[in-house]
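Enquirer: Supplied in structure tokens, the structure appears directly below.
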Ligand SMILES: NC(=O)c1ccc[n+]([C@@H]2O[C@H](COP(=O)([O-])OP(=O)(O)OC[C@H]3O[C@@H](n4cnc5c(N)ncnc54)[C@H](OP(=O)(O)O)[C@@H]3O)[C@@H](O)[C@H]2O)c1
């Protein structure tokens, strides 16, 4: 039964096959939104798609051609997009490059959503006003963006630093959208959902220690509690008050890495990302 707060709004949720994304998709659909869901595993995604009443959109973000195909499918399905929840992501072993040859935290957590969002700009603009929500993390504080070495070709990449850097990029990208797309009515926001006991960090023994051991109940919050800030932002919609800001759960202006305010990083990351995905 819908309570209608999202009635008439069209939403795309990435990383909807599990965790925070799956929960946010279900809640937003229950509140009346038309929700489209994407994930890399059709079998995991299908039950969520059935719950929200749309067909699953399968794309692996470690393949940029999958992202391009996904954008084509979304454009065929929807004329306008009111909310884009860029939520897919995780911590990945940096040594295992993606099929496109990128460091995986950089590609899956930043480059792929950067490409998807750019390819859906016209659909976001067609809504009149729209909202992009980027799921970032408190781990942004551990990141360091080196514009001349985004792919760690000349440095050793450690998994948690590479993850933190990609989550810092989510905030920097949020600021880039706020600076560039306001004429299209696109508002963007980044959010840390909290330490959520989802499938997050399944490839990391360190995260697993806190998230999937008896320590879990002390260290984590539920998936529903983790999804709640994303749902609240989606419901709030494209409020200019929140444009370009980073929320720590429900609180605006969470603690940020100082690079998140560095204009040379904001401009440089956008330009280099454009070049890497072939948009410039
Ligand atoms: N959990 C936390 O404590 C925490 C804290 C801060 C930020 N976050 C962020 O919250 C977001 C959601 O994480 P979660 O906690 O819900 O974790 P999760 O349960 O592992 O869900 C992650 C989602 O991203 C998808 N995904 C992973 N790699 C992908 C790829 N290559 N292509 C397409 N989709 C991919 C997963 O697909 P599969 O189902 O196929 O794996 C899943 O749907 C992530 O961006 C994460 O960085 C989480």
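The values are calculated or read from the model by the stated rules, or taken from the named source; none is laboratory data. Note that the coordinates shown come from a computational prediction; the quantities given were computed from them, not determined experimentally. Using ideal geometry, Cβ is built from the backbone for each residue, glycine included, and neighbour counts are taken over all protein chains shown.
Enquirer: Being at pLDDT below 95 and in contact with a helix residue (DSSP H, G or I) (Cβ under 7 Å, 6 or more places away or on another chain): is that true of residue 59 here?
Expert: Spelling it out, it is not the case that residue 59 is at pLDDT below 95 and in contact with a helix residue (DSSP H, G or I) (Cβ under 7 Å, 6 or more places away or on another chain).
Enquirer: If you take the residues of region 95-130 that are part of a loop (DSSP other than H, G, I, E, B) and away from the ligand (no atom under 14 Å from the Cβ), which of them is nearest to residue 188 (Cα to Cα)?
Expert: Going through the qualifying residues, I end up with 129.
Enquirer: In addition: Please enumerate the residues belonging to region 131-179 that are more than 14 Å from the ligand (Cβ to nearest atom), closer than 16 Å to residue 105 by Cβ and in a loop (DSSP other than H, G, I, E, B).
Expert: 144, 145, 146, 150, 151, 152, 153, 155, 156, 157, 158
Enquirer: For region 241-261, state whether one or more residues are buried (at least 19 other Cβ atoms within 10 Å of the Cβ) and farther than 17 Å from residue 191 by Cβ.
Expert: Taking every residue of region 241-261 in turn, at least one turns out to be buried (at least 19 other Cβ atoms within 10 Å of the Cβ) and farther than 17 Å from residue 191 by Cβ.
Enquirer: Which residue is surrounded by the fewest Cβ atoms within 10 Å (Cβ to Cβ), if the candidates are limited to region 40-76 and must be within 8 Å of the ligand (Cβ to nearest atom) and in a helix (DSSP H, G or I)?
Expert: 44
Enquirer: Just one of 27, 11 is buried (at least 16 other Cβ atoms within 10 Å of the Cβ), within 14 Å of the ligand (Cβ to nearest atom), touching a residue at least 40 places away in the same chain (Cβ under 8 Å) and within 20 Å of residue 232 (Cβ to Cβ); which is it?
Expert: After ruling out the rest, the residue left standing is 27.
Enquirer: Taking residue 89 as the residue in question, decide whether it is at pLDDT 95 or above, within 16 Å of the ligand (Cβ to nearest atom) and either out of contact with any strand residue (DSSP E or B) (no Cβ under 6 Å at 6 or more places or on another chain) or within 25 Å of residue 229 (Cα to Cα) (or both).
Expert: Here the answer is yes, as residue 89 does meet what is asked.
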